[in-house]
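Structure record follows, encoded as structure tokens.
A short reminder: the numbers here are calculations on the coordinates, not readings from a lab. Because the structure is predicted, anything quoted here is derived from the model rather than measured.
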Amino acid sequence: ADEQLAHAQRLDALGQLTGGIAHDFNNLLTIISGNLQLLEMDGAKDPETAEVVASASRAVERGSALTRKLLGFSRRQRLTPRAVRPELLLADLSDMLGRTLGEQIRVMASCTDALPAVFADPGELEAALINLALNARDAMPNGGKLIISARALEVQTGEDLAPGSYVVFSVADTGVGMPPEVSARAFEPFFTTKGPGKGSGLGLSMVYGFVKQSGGRLTLESEVGAGTRIEMVLPVAGAEVVGPTETSAVASSGAS
Ligand code: ADP
């Protein structure tokens, strides 16, 4: 537990640092982008200048995508939490993943009956699950099983979670697994073992930031040669949040 706390504190410190940098950087990119738009307007006559400006704009767009991910990790992202129904989300997701991950990977999704809705940003929640599923696929180059499930969890006395009702989303694979030195750092931004051009090392850090900002918990269990299980614990939507009609509408619209 001490080790876990130290780990969380280290990630917190890292989040504050990267969040500050990303925020300032984002402001600079906004200025650059505004100026490029001005140039775009009168550079249109000269095709060469137009191409230079367009190329700079693309770089700025990449830069903003990067800062958005970092802001996600540092929990400075603007989230719009709503009531999301786990069983509908998982049904959509497993259909989509079954179609896109290829024949080598068997996707299985299961839900315990009558799960309550969670209170989370629907788009970010779906993006987080997709992120975990794509990591699982990368960990199974020769195929395997991807098991996505959801179950209820009651927390009585808060350790790192406030007492209350939660839903646990679990994403497990039968892939290569992680040695301890990788699993210890997997949530850090820019930590990747995937080699240049392949991994950004921002996937799990974004998921971590999203889950923490949503009042939940992210855990990881992994064994080399056996597989990995990552669990997102998210709070259940309270009665104060939304009415039942909106609940079902949000859950079925998924990511927007
Ligand atoms: P990226 O996928 O860009 O490398 P992530 O933050 O998503 O960045 O993951 C960080 C590292 O954690 C990966 O490079 C990999 O070493 C390890 N990892 C993540 N998910 C899994 C998994 N399901 N199985 C094995 N290793 C994983």
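One table, with the values for the structure above:
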{"item": "Rotationally averaged projected area of segment 31-90 (alpha carbon convex hull; nm²)", "result": "6.6 nm²"}
{"item": "Relative contact order computed over segment 93-157 (Cα-Cα under 8 Å; 6+ residues apart), in percent", "result": "50 percent"}
{"item": "Rel. contact order, % - alpha carbon contacts under 8 angstrom, at least six apart, the chain", "result": "21 percent"}
{"item": "Relative pair counts by distance (%), Cα atoms of segment 1-143, 5 Å bins", "result": "2, 8, 11, 11, 12, 14, 14, 12, 8, 5, 2, 1, 0"}
{"item": "Mean shadow area of segment 84-187 over all directions, Cα convex hull, nm²", "result": "7.4 nm²"}
{"item": "Size-normalised alpha-carbon gyration radius of segment 4-62, reference 2.2 N^0.38 Å", "result": "1.74"}
{"item": "Scattering curve values for the chain, log₁₀ I(q)/I(0), Debye with Cα scatterers, q = 0.12 Å⁻¹", "result": "-0.79"}
